[in-house]
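J.: Can you keep this structure in mind? I'll have questions shortly.
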Amino acid sequence: MTDREVLTPEELWRRYDDVETRVAAPLSERMLDLAGVGPGMRVLDLATGRGEPALRAARRVAPDGLVVGVEVAHGILEMAREKARRSGISNLDLRVADATSPLGIASNYFHAATVRWGLMYMKEPVASLMHVHRALLPTGVLVVALWAEPERVPYYTLPRRLLQRFRALPAPDPEAPGTFRYADLEKVRHDFGRAGFRIDHVEEMDVTVFESQSDAELVDWVRALGLTPLLNSLSESEQRAWERELTSEVRRRGGGSLRLGGVSRIVRACKL
Ligand SMILES: C[S@@+](CC[C@H](N)C(=O)[O-])C[C@H]1O[C@@H](n2cnc3c(N)ncnc32)[C@H](O)[C@@H]1O
């Protein structure tokens, strides 16, 4: 059996950054619209990763506004720095920090805060929400993007469902950090309330997260999202069968195109 390489998160993001940035852009733009981000504002973006939506926010608030992006993984944040340099963005302050610790940021300072696909992965999300609460002006707004229920998020669920034909997979723990930790809107309301926020708007968006021209590229992307070690434990013929089923199911759902994504909930909240 030939084992496929296991990509680190940084290798994964570097390889697929261009396509992912492009296809998921409507979500970032909608988050910034809902937060009312415009010229002169100060914006805090937590778990900014490769700079989403921080880089777009920095363009919107220029020339006098400021964006602070916080990300725990140094290598991933370096990609955001490179992108800011390439685009000539100078009003973006990118910091390596754990968003669940005090952020060392002035209180009552930001007009808006954003977290795109980040809160659910934090060890202590309520602590992080409390830091955001402190950092926001009394009129400040928080806009967060979260994944909906597993059955509506095929980019994550479909490859695993097909894999279960060959291997039993442990059920995800909804309390542990992970993709579906905030799939239940009641839990979102509960934790936002504990941190002093009131949710005033919720909407859903079907977001593409990856688009491919070839079966091989789609398979590589899905594998890189955490499935390679499991797949490497299958026989060569089982792996090929899984790949065939995956690509034909994705094509069938996409009317012939190779696209994967899922439903994101966009939640806007203000201070209680
Ligand atoms: C799925 S990525 C989303 C990145 C970016 N916001 C986007 O939408 O492309 C989740 C990010 O959250 C970061 N993260 C997880 N826990 C964190 C924490 N406690 N503090 C800061 N960043 C964190 C991860 O390192 C990762 O870059």
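Coordinate-derived values only; no laboratory data. Quick caveat, the model's predicted, so the values are computed rather than measured. Cβ sites come from the backbone with ideal geometry, for glycine too, and all protein chains shown count toward neighbours.
J.: Direction-averaged shadow area of the convex hull around the Cα atoms of the chain, nm²? List each step's numbers first, then the result.
T.: On the way: hull surface 55.9 nm².
Approximately 14.0 nm², given one-decimal rounding.
J.: Here's something else I'd like to know. Using the 10 angstrom Cβ neighbour count as an exposure proxy, how do Thr8, Thr21 rank, fewest first?
T.: Going from least to most buried by this count: Thr8, Thr21.
J.: Give the whole-number value, in cubic angstrom per residue, of the convex hull volume spanned by the C-alpha atoms of the stretch 1-111.
T.: 120
J.: Continuing with this model, one more query. Each residue of the stretch 214-231 in turn: what ³J(HN,Hα) in whole Hz from Karplus with 6.51, -1.76, 1.60 and θ = phi - 60°, glycine and Pro shown as x?
T.: Values per residue, Gly and Pro as x: 9, 4, 4, 5, 4, 4, 4, 5, 5, 4, 5, 7, x, 9, 4, x, 5, 5 Hz.
J.: Need the C-alpha centroid separation for the stretch 238-272 versus the stretch 113-155, integer Å.
T.: One Cα centre to the other: 22 Å.
J.: Please report Val153, Val263 as a ranked list, fewest other C-beta atoms within 10 angstrom at the top and most at the bottom.
T.: Val263, Val153
J.: Using the Karplus equation 6.51 cos²θ - 1.76 cosθ + 1.60 (θ = phi - 60°), what ³J(HN,Hα) coupling, rounded to whole Hz, does each residue of the stretch 12-24 give in order, writing x for Gly and Pro?
T.: 4, 5, 5, 5, 10, 4, 4, 5, 5, 4, 5, 6, 9
J.: I would also like to ask the following. Tell me the mean residue ellipticity at 222 nm calculated for the chain from its helices only (DSSP H runs of n ≥ 4, each -39500 (n - 2.57), averaged over every residue, nearest 500).
T.: Details: 10 runs with 107 residues, N = 272.
Taken over the chain, the calculation gives -12000 deg cm²/dmol.
J.: Can you work out ³J(HN,Hα) from phi for every residue in the stretch 171-181, in order, using Karplus 6.51 cos²θ - 1.76 cosθ + 1.60 and θ = phi - 60°, giving whole Hz and x for Gly and Pro?
T.: Taking θ as phi minus 60°, the curve returns 5, x, 7, x, 8, 7, x, x, 3, 9, 4 Hz for the stretch 171-181.
J.: Next question, about the same structure. Using the 10 angstrom Cβ neighbour count as an exposure proxy, how do Ile105, Ile266 rank, fewest first?
T.: Values: Ile105 17, Ile266 20.
Taking fewest neighbouring Cβ atoms as first place, the list is Ile105, Ile266.
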